[in-house]
Amino acid sequence: MTRAAIVGTGYIGRVHASTLRSLGIEVAAACGRTREGAEAFGVGRAYTNVLELLESEHPDVLHVCTPNSLHAEEALTALERGIHVVCEKPLAVSTGESARMREAAVARDLVGATCYHVRGYPLIEHMRAEIADGALGEITILHGRYLCDDLLFPASGWRVDPKRSGPSYVVADLGTHWLDAAEHVTGLTVTEVRAEFRSIAGGRLEDYAALLLRFEGGAIGSVVVSALAAGRKNQLVLEIEGTRAGMTWDQEQPDFLLVRPVDGPARIVVRDPLTNRTSARPLSQFPAGHGEGYGGAFRNLFASVYEAIAGNSDAKFPTFADGHHGVALVEAATASATSGDWVGVSG
């Protein structure tokens, strides 16, 4: 049986643990900042040092769920010991770090997965398949937002500390999800970014960002991200405009997709394992009309990752290469916010 371990016992670590249990994967150990925290996590044996965990437990997979500044060191420590890695986003705090992570996984023929869970929603896969078949015509505009209200609550945590979060807050934490989803469903890559950052709450990192985007092939786009939107609970809205139709999807209502054809009335497509695109049907666990969301998206992502670990070369999931590209997007946006210019995306 494949054995996993988790480093990082906060909220997202608990999401990983719950998802792994739902897939029947043993979580052998967890590593936290304190012994009390690791023991309170309630899954596997408790550690406070990731190296000690890896050398004592020899897990097959390490899930990295710690603050961003620790991702590279912990992931590389696992990869050097022949252990596959599933890492939260952003993959690292610099492209130098993320490139080393990507190269280490490739050199050792190990799975390196980035947790872009949005790809796991059934209707995101339905969108991708429809767009690939030309349902929207030529893609011209991509736009949307990712809004939450985290900073309106007292305990905003390590994400506002540049020593732990890195050079960006909301673009790295929220924007990377939107950008990956936009590129994934359209197959288009962002090549240039122009950004404006604001710290409305007075912190050292941006809590609001507006990005203008240029994609390969001539499509353009824009996205607004902020952690100061009262009552918005991780609202990721992705809108794709084409010459034949448009689409709108909202993570707060993930079982519904608005399709807007040029030559007919708009219609709502519901998540349905019987009628969605063939590649989207296996991602639904429940019949249409029964709510399915965030946990299911993680389950679909991890199922594909563990298929790859088991040797299925056809398993599709966001890799360390995708995570590295996300870090490059964060760097481009940060540089643009400083200079006021368009900045190309490296790599």
Does any residue in region 217-233 that is within 17 Å of ARG198 (Cβ to Cβ) come within less than 7 Å, Cβ to Cβ, of a residue that is in a loop (DSSP other than H, G, I, E, B) and of a type in the set (Gly, Ala, Ser) six or more places away or on a different chain, and which pairs are these? LEU228/ALA201
Counting only strands (runs of 3 or more DSSP E) entirely within region 232-333, those with at least 3 residues that are buried (at least 16 other Cβ atoms within 10 Å of the Cβ) and modelled with pLDDT of 95 or more are 235-242, 245-250, 256-261
Specify the residue that is surrounded by the fewest Cβ atoms within 10 Å (Cβ to Cβ); the eligible residues are those in region 161-179 that are among the polar types (S, T, N, Q) and not in a loop (DSSP other than H, G, I, E, B). SER165
Take GLU103 and decide whether it is open to solvent by less than 50 Å² (accessible area, probe 1.4 Å), acidic (Asp, Glu) and either in a helix (DSSP H, G or I) or under 22 Å from ARG271 (Cα atoms) (or both). no
Log entry, pairs with first residue in region 298-321 being free of Cβ contacts under 8 Å to residues at least 40 places away in the same chain, second being part of a helix (DSSP H, G or I) and among the polar types (S, T, N, Q), beta carbons closer than 9 Å, six or more apart or on different chains, reads ASN312/SER304; ALA315/SER304; LYS316/SER304
Confirm whether VAL86 is crowded, with 24+ Cβ neighbours inside 10 Å, closer than 22 Å to SER313 by Cβ, in contact with a Cys (Cβ under 9 Å, 6 or more places away or on another chain) and not charged (D, E, K, R). yes
Restricting attention to region 196-205, does a residue exist that is in contact with a Ser or Thr (Cβ under 6 Å, 6 or more places away or on another chain), open to solvent by less than 50 Å² (accessible area, probe 1.4 Å), farther than 13 Å from VAL118 by Cβ and not in a loop (DSSP other than H, G, I, E, B)? no
Residues LEU151, LEU70: which one is in a helix (DSSP H, G or I), out of contact with any strand residue (DSSP E or B) (no Cβ under 8 Å at 6 or more places or on another chain) and open to solvent by 10 Å² or more (accessible area, probe 1.4 Å)? LEU151
Considering only helices (runs of 4 or more DSSP H) wholly within region 1-66, the ones with at least 2 residues that are closer than 25 Å to SER304 by Cβ and open to solvent by 50 Å² or more (accessible area, probe 1.4 Å) are 11-22
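The values are calculated or read from the model by the stated rules, or taken from the named source; none is laboratory data. All values reported here derive from a predicted model rather than from experimental measurement. Cβ atoms come from the backbone with ideal geometry, glycine included; neighbour counts cover every protein chain shown. Accessible surface areas use protein heavy atoms only, side chains included; no ligands, DNA or RNA. Shrake-Rupley method; radii C 1.70, N 1.55, O 1.52, S 1.80 Å.
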